[in-house]
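I have placed the structure first, in the form of structure tokens, so that the comments after it can refer back to it.
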Amino acid sequence: MAIFLTGATGYIGSYLAAGFLEQHGERLNVLVRAGDEGEAERRLWQALQLHFDFPAFREHLAARVRIFRGDLTAPALGLPADEYRELVASTDSVLHCAASLNRKSEKSCLNVNLRGTLEVVQLARRAQESHGLRRFSQVSTVAVAGHRSNEVVAEDEAIDWERSDYDPYARTKKFGEHMVRELLPDVPRTVFRPSIVLGDSRRPETTQFDMVRAFVFLADLAMLPLRPDDRVDIVPVDYVADAVVTLHQKPHPEHEIYHLSSGTRSETYRQLTDTLANARGGMKPLYWPGLAGPFHSVVARLAPRRDGVGHAAALLKVFLPYLEWNTVFDNRRVVAEMGRAPAPFSTYCFPLLRFARENRFRYPYRDWPDGAPSHVSIGEPAR
């Protein structure tokens, strides 16, 4: 039997796949959108090369990973009937990580975060009725808490249906949680809500640059339109992945919902900018919260530009509400179960930002090696 993991070619999903393969020896069923087997394997290799060299990747692919070529939003996940039946029959737990992070596109969020989640839930329902499902875990977001200001939010207090949402991403992820809870009442469930996932505390390399680019933009400003003592809840991806993998595999987690966050240990903007200034040997920025309104206007004017500045401004336009809410998310549940807290952003932010700058906000992906077969034989389906 195998874990059905969605989103394995994404940033967090690649860490989850690597965690299961390295730490638990689990078999994985993964859904990859591709025209043929070779393209599917290349997409998975691109996602996992941050974690494995090519020989290790090929070994895992041959022994413990089965790729199903499909589409999250299509009926039966876009799979032929026999493959869909095999996916149901060979799945003993589900970890749903795939999502649209496009906070500006309601269409994308509706299709992926709602229609896609419904398809995954339907597969889980069939597996439960066929042979029983060990667990259904869902990677959600703290953004389901909606508009907040100057708060510490606990897991069971986060969702308030009368509260407005920041964007389509937050709205659809909130309803996705509701859908899973309503349609899988008899399946053990776990909901993971990461806060701002930014970088890996163990190494500077990253393949996800949107928030990094926004922070680099802010780090270059001599004056910031923020309140210096506001806290920003940032968590490293390695902590998020370790928590998800560990608790998904745990027979009886203590809770159903976990904030994967820095909680009340979240650092202030002043702490972060002081760290960066000291590391770079530069001046510390000045803070002028009264410029927030004009700054929003400048960002909106710069966002349409088709250059690096425009790209960073477009990202800031989306993320600024999350940077100004001075709200953190209680993480005592996950800290108690993991026995440790996440690394503070200040301990690894400078190497991360330096890597992003030096590589022009691109990861130096390695090509599929010359002479390597386009696809491997996986033998018997994972069971």
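Applying a DSSP loop filter and a limit of 10 other Cβ atoms within 10 Å to the chymotrypsin sites (Phe, Trp or Tyr not before Pro) in segment 110-192 leaves Trp161. Reported value for segment 101-163: 121 Å³ per residue, from the convex hull of its C-alpha atoms.
What percentage of the solvent-accessible surface of segment 261-383, computed with a 1.4 Å probe over protein heavy atoms, is contributed by carbon and sulfur atoms? Provide the component values of the computation, followed by the final result.
Details: 3680 of 6930 Å².
Roughly 53 percent, rounded to a whole number.
Apply 1/(1 + (r/R0)^6) to the Cβ-Cβ distance of Val152 and Ala63, taking R0 = 51 Å, and write down the FRET efficiency to the nearest 0.05. Efficiency computed from Cβ-Cβ geometry: 0.70.
Could you look at segment 108-176 and say what percent of its accessible area is carbon and sulfur, using a 1.4 Å probe and all protein chains? After summing per-atom areas, the C and S share lands at 46 percent. P(r) tail for segment 248-297: Cα pairs beyond 18 Å make up 62% of the total. Taken along the Cα-to-beta-carbon direction at a fixed 7 Å, the label points for Arg305 and Leu118 span 4.2 nm. Could you run the Debye sum over the Cα atoms of the chain, one equal point scatterer each and no solvent, and tell me log10 of I(q)/I(0) at q = 0.08, 0.10, 0.11 Å⁻¹, two decimals? At q = 0.08, 0.10, 0.11 Å⁻¹ the computed log10 ratios are -0.42, -0.66, -0.80. A Förster radius of 30 Å combined with the Cβ-Cβ distance from Asn102 to Trp161 puts the calculated FRET efficiency at roughly 0.80. With only the Cα atoms considered, segment 1-97 has a convex hull volume of 90 Å³ per residue.
Each listed q (0.08, 0.14, 0.15, 0.20 Å⁻¹) maps to a log10 I(q)/I(0) for segment 224-383 from the Debye sum over equal C-alpha point scatterers, namely -0.38, -0.96, -1.04, -1.34.
Annotation: per residue accessible area for segment 1-90 equals 37 Å², rounded to a whole number [probe 1.4 Å, protein chains only]. Rounded to the nearest 0.05, what FRET efficiency do Glu256 and Met283 have when you use their Cβ-Cβ distance and R0 = 45 Å? With a Förster radius of 45 Å, E is 0.45. Only protein heavy atoms count here; under a 1.4 Å probe, Thr9 has an accessible surface of about 50 Å². From the alpha carbon centroid of segment 32-95 to that of segment 298-333 is 33 Å. Listed peptides 102-109, 318-325 appear in the order 318-325, 102-109 once ranked by packing, highest mean of other Cβ atoms within 10 Å at the front.
The values are calculated or read from the model by the stated rules, or taken from the named source; none is laboratory data. Computed from a predicted model, the values in this text were never measured in an experiment. In this analysis, Cβ positions are derived from the backbone assuming ideal geometry, glycine residues included, and neighbour counts consider all displayed protein chains. For accessibility, only protein heavy atoms count, side chains too; no ligands or nucleic acids. Shrake-Rupley method; radii C 1.70, N 1.55, O 1.52, S 1.80 Å.
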